[in-house]
Each structure stands twice: as C-alpha cells, then as structure tokens.
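Here the structure comes first, spelled out in structure tokens, and everything after it is commentary.
The values are calculated or read from the model by the stated rules, or taken from the named source; none is laboratory data. This one's a predicted model, so the numbers in the text were calculated from it and none came from an experiment. Don't worry about glycine lacking a Cβ; one is built from the backbone with ideal geometry, like all the others, and counts go over all protein chains shown. Accessible surface is based on the protein model in full, side chains and every heavy atom, while ligands, DNA and RNA are left aside. Shrake-Rupley method; radii C 1.70, N 1.55, O 1.52, S 1.80 Å.
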Amino acid sequence: MTRVIPEPARQIPVVHETEVLVVGSGPSGLSAAIASARAGVETSLLERYGCFGGNITQVGVEGFAWYRHPETVDSQGIGTELEARARDMGAAQPEPQSVSHALDAEGCKYVADLMTAEAGVHPLMHRLFVAPIVEGGEIKGLIVESKAGREAILAQRVVDCTGDADVAHRAGAPTHKTPKAEMMSVSVMFSMAGVDKARFIAAVKADPQTYKDWGGNGEWDIETDGKEDALFSPFLRKPFRKALEAGLLPPNLSTIAGTWGGISDQGDLTYLNLVHLNYDGTDPDELTAGEIEGRRQAMLAIEALKAFMPGCEGAKLRNFGMTLGVRDTRKIDAAYNLTEADVRGQARFDDSVGIFPEFIDGYGVLILPTTGRYFHVPYRALVPKSVEGLLVAGRPIGGDKLSHAAVRNMMCCSVSGQGAGTAAAVSLKTGRTPREVNVADVQAELVRQGARIS
C-alpha cells in the first residue's frame, strides 16, 4: 500500500488573470495562443520549460512537414506560417525527402518568441501545471508551481495543449490511454557535429534508401499502399548492422535504425531519430529510465556511425533534445472521435476547423500524401464530453488508434491548435460556451486568419 501524507490547506496567490489560457507551447499550443490573440482576446501561454516550441525546440523534431510532396494538398494557417518564418529567418534548411524545410530547433526558439510577441500573447514560462481549478463542472483556471512557489492563474477559457491531456484528465474529463505494449515508442533525438558533408552525401547517393527499406527488423516493419515504397528516405540501418556484426553494438540493440533530418555546410547532422524505446510518457519513473537509457543508446549509435558511415569518422555528439519525444499516451473521449476510416477516407465534416493531408505514420502504417488526398479535422474532436470552458488540441484530440497516427503529426497539431484557440476566443466574444459556440463564426475567423477549412 502506498504511504500518504496530508497536505495542509493553504491560501494560493492569484498571480495572473486572462481571458484564454493555453497550456503547453508545442505546435498546437503555439498555434492556439497566436490564433486566440489574433482573434482579439487576452491570451496567455503557459510553458514548463524556458522556450516555446515543444517537440520542435525541446525535443529536436525538425521534420515539421516531411510528408509534403509536389502533389500534396497541405494544411494552411499558423503551422505553414511558422515554417515560412523559420525559413526566412535562417532557422530552417531544405528537408532531404520532401518539398519542405527542416526546422532548426535552436533558431525556432527565437522564431516562437517573435511570433507570440507580435500576436500579443502574454508569456508564462518556467511554470508547471499542477492542478485545474474546477467549479460546478467548469474550469476556472490552473494551479502551477514555479521557483516562486505555488501560484494560481485564472482564465475564462482553457486550452489543453499538454500533449498528454493532462489538464483534461485531472479536471475529470473522460480520457483513455493506449496500453503500454501497444504504444508508439518514445525517442531520444540528437544531432552530431563534425560530419564531412560531401563524403556523407556521396555515400547516401551511392546507396540510396527508400521507404521499402524500413521493413525487415520488427521495429520498422510497415504497411504502405505501395506508392511510397520507391521514394527516397533518409534512412540509416546498414551502419548499425555492420556495428552489430563487428561487436560494436550489443546484440540486444538490433532495433537502432532510423532517419536523419538535414546536414549543414558546417557539418551538423541533425534530427537523428535512431533510438526508440517502449516507455509510458505519463510515468515519471519510466521517463527517467528512458532519458538515461536513450542517451546510452544514442552514444553507441554515434560510435557505430563513426565506424561505418562515410563522412562521420571524425564526428561527435552536438546535442541531445532536452526531453524525450513522446508520441502516444492519453486521448480524450470527445464529442466526436475520429476513426481510421476518417483519416484514410478523406472524411468531410460540416464543423471542420482545418484540413490535413492523408499522412499516416504510426502503428506499423506509413501512408504519404502524394496524390492530393486530405481529410477535415472536426471541431467536435477538440471538445471533451465533460468539463465546460475547456478545449483540447494536439495529439490527445478524440479519436481511435489509427487516427492518432495521423493527427499526432506536428502540422496537424497546429491545425487543431489554431482551431481550438480561435474557438476559445470566439466563444468569449459571442458569450457562448465552447460546447455551444457557433462553428460558422469560428470558421469565419479561421478563414480570416488564413487557415484552410475545406
């Protein structure tokens, strides 16, 4: 039995009040906060770390739109705006497998600062969400912890962009979590410095890998619809097989393999997505183990690349992401839950808040949007079945297992985030709850902001 201690009751100071409070600043949170502020309401953005950007800046996932090909019908709105702004500010470079840009994780910290400031978002960094303030079934704000102690932040609307539905779950909204054995893996992202670009690219061109090459060792076995198989993929497995044969890697690390995101003229090989671990991203003990084990495996992967990948002989670690990349934990039970048929079948919804290409990446399925197919993201998938005043955006929106493999992707998180932030603002301006808001009003504001909803 777990020991418990009583926590004394105390008076918590209210340090901030706002109309819309967005919790978490990844692609969904950034988009939600910017959209809400642009819609003309007071908006604050809460972040536990010292930079905005989530998976981009904190984990180092630089492949923001690596699914994009010449025939892709892509999302529009704040996500594509962020990509363009990063490119124009020198915080992105052409991505090797698509017509998109790999974002520079460090440079995008500043890009996010500028975009939120220009929109008029009030920044609240270095504060960790602890508990919701719920009265009569309606969320009224949050309790946070910081170097200043425990604080209260009051809000008329809250948008949960934590990635794990933390706010919704603790507020009592119904959620469910993928069983651990079925969860998509977590990753330790890292980058290398000192790579000889010319030799590395020459080796890649001499032995180009395709998406078909992903299959073959369990971890990367995939189902496609065939059209992806011959497309180039920046995939690395052969150096690790050679390292296994040479005894440089222990036999139990046969799953090290994956993709690289970009290589600069200075020799930085970035967004190395090679280490994949089965841990539960809502369990702090497992996260601790994952951080330590992930860094151990990453250092072994670097030694393998130095030994068996041309151009990497004199390279070294440049940096790790500051936290694990988590793909799969909780989802809300929403007013409408997306289905596999929706994301595979170009679903259309009257309450659409954006579109996303038919891009599915997860649970052993890879479908790339090379033929112009796309689906609508419905507003109802952002509305939890209980708790008033609360919306959820990003990967925890309502849906089944395979739909998650589509909506978890960062550009789709931006789509749902912009939809949620806009809806929160419009609901306030029109005096309706998020559950009762006129979706046509939300859609009109989204279109005004440059989003595509149909």
Quiz item: With every protein chain present, what accessible area does W260 have (1.4 Å probe, heavy atoms only), rounded to the nearest 10 Å²?
Solution: 10
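Could you give the size of the charge dipole of the chain about its Cα centre, using +1 on the Cβ of each K and R and -1 on the Cβ of each D and E, expressed in debye and rounded to the nearest 20?
Values: 46 positive and 57 negative charges, 59 e Å.
It works out to roughly 280 debye.
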Quiz prompt | Cα pair distances of the range 185-249 binned at 10 Å [whole percent] | solution = 16, 41, 38, 6
Quiz item: Got a number for carbon plus sulfur as a percent of the range 165-257's accessible area, 1.4 Å probe?
Solution: 53
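Rounding to the nearest 20 debye, state how big the charge dipole of the range 347-454 is about its Cα centre with +1 on each Lys and Arg Cβ and -1 on each Asp and Glu Cβ.
Working: 12 positive and 9 negative charges, 13 e Å.
That gives the range 347-454 a dipole magnitude of about 60 debye.
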Quiz prompt | Cβ-placed point charges (K, R +1; D, E -1), dipole of the range 1-154 about Cα centre in debye, nearest 20 | solution = 540
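Cβ under 10 Å from V41's Cβ, V41 left aside: what net charge do those residues give with Lys, Arg +1 and Asp, Glu -1?
On the way: positive: R38, R157, K429; negative: E19, E42.
Net local charge, V41 excluded: +1.
Order 4-13, 175-184 from most to least packed using the mean count of other Cβ atoms within 10 Å. Could you put the intermediate results ahead of the total?
On the way: 4-13: 7.0, 175-184: 14.7.
In descending order of packing, they fall as 175-184, 4-13.
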Practice problem: Taking the dipole about the Cα centre of the chain, with the C-beta of Lys and Arg at +1 and of Asp and Glu at -1, give me whichever of I397, G29, A198 is farthest to the positive side. | Solution: A198
Practice problem: Estimate the FRET efficiency between D207 and L231 by the formula 1/(1 + (r/R0)^6), using the beta-carbon distance for r and 22 Å for R0, to the nearest 0.05. | Solution: 0.90
Exercise. Compute the relative contact order of the chain as a whole-number percentage, counting only Cα pairs closer than 8 Å that sit 6 or more residues apart in sequence.
Key: 23
Exercise. With only alpha-carbon atoms counted, please give the Rg and Dmax of the range 301-348, in Å.
Key: 20.7, 54
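I'd like to verify something in the chain: which complete DSSP H helices, judged by Cα projection on the helix axis, reach 20 Å or more and average at least -1.0 on the Kyte-Doolittle scale?
105-119, 284-308, 410-430
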Quiz item: Tell me, in nm to one decimal, what length is gained between R3 and D350 on full extension, where the rule is 0.36 nm per residue of separation less the Cα-Cα distance?
Solution: 119.8 nm
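So, with a 1.4 angstrom probe, what is the percent of accessible area on the range 1-136 that is carbon and sulfur?
Working: 3150 of 5980 Å².
Here carbon and sulfur together make up 53 percent of the probe-accessible area.
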Quiz item: Which label marks the calculated value of volume of the Cα convex hull per residue in Å³, given the options [x] 400; [y] 143; [z] 361?
Solution: [y]
Self-check item: Farthest positive-ward along the chain dipole, Cα basis, beta-carbon charges - from G345, T175, A298
Solution: A298
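Counting other Cβ atoms within 10 Å, which GluC sites (Glu not before Pro) in the range 356-454 have at most 14 and lie in a DSSP loop?
On the way: sites: E358, E388, E436, E445; in loops: E358, E436.
Passing both the DSSP loop test and the Cβ count: E436.
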Quiz item: Between R10 and T433, what is the FRET efficiency for a Förster distance of 35 Å, r being their Cβ-Cβ separation, to the nearest 0.05?
Solution: 0.65
Quiz prompt | Straight-distance crosslink candidates among lysines, where the alpha carbon sits under 20 Å from K429 and sequence neighbours closer than 8 are dropped | solution = K140
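Sort the following peptides by mean Cβ neighbour count (other Cβ atoms within 10 Å, averaged over residues), highest first: 410-417, 394-401.
Working: 410-417: 29.9, 394-401: 26.0.
Ranked by mean Cβ neighbours within 10 Å, highest first: 410-417, 394-401.
Show me 93-101, 47-55 ranked by packing, highest mean number of other Cβ atoms within 10 Å first. Provide the component values of the computation, followed by the final result.
On the way: 93-101: 19.2, 47-55: 22.0.
Highest-to-lowest ranking by the protection proxy: 47-55, 93-101.
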Quiz item: Within the range 44-77, what residues put their amide N at less than 18 Å from the label point 7 Å along the Cα-to-Cβ vector of A148?
Solution: 44-51
Quiz prompt | For the range 316-454, alpha-carbon Rg and Dmax in angstrom | solution = 15.6, 57
Self-check item: For Q76, net neighbour charge (Lys/Arg +1, Asp/Glu -1) across residues whose Cβ lies under 13 Å away
Solution: 0
Quiz item: Which whole-number value in Å² is the accessible area per residue of the chain, probe 1.4 Å?
Solution: 39
Exercise. Please name which of A315, T329, T282 has its Cα lying farthest along the dipole of the chain towards the positive end, using unit charges on Cβ (Lys, Arg +1; Asp, Glu -1) and the Cα centre as origin.
Key: A315
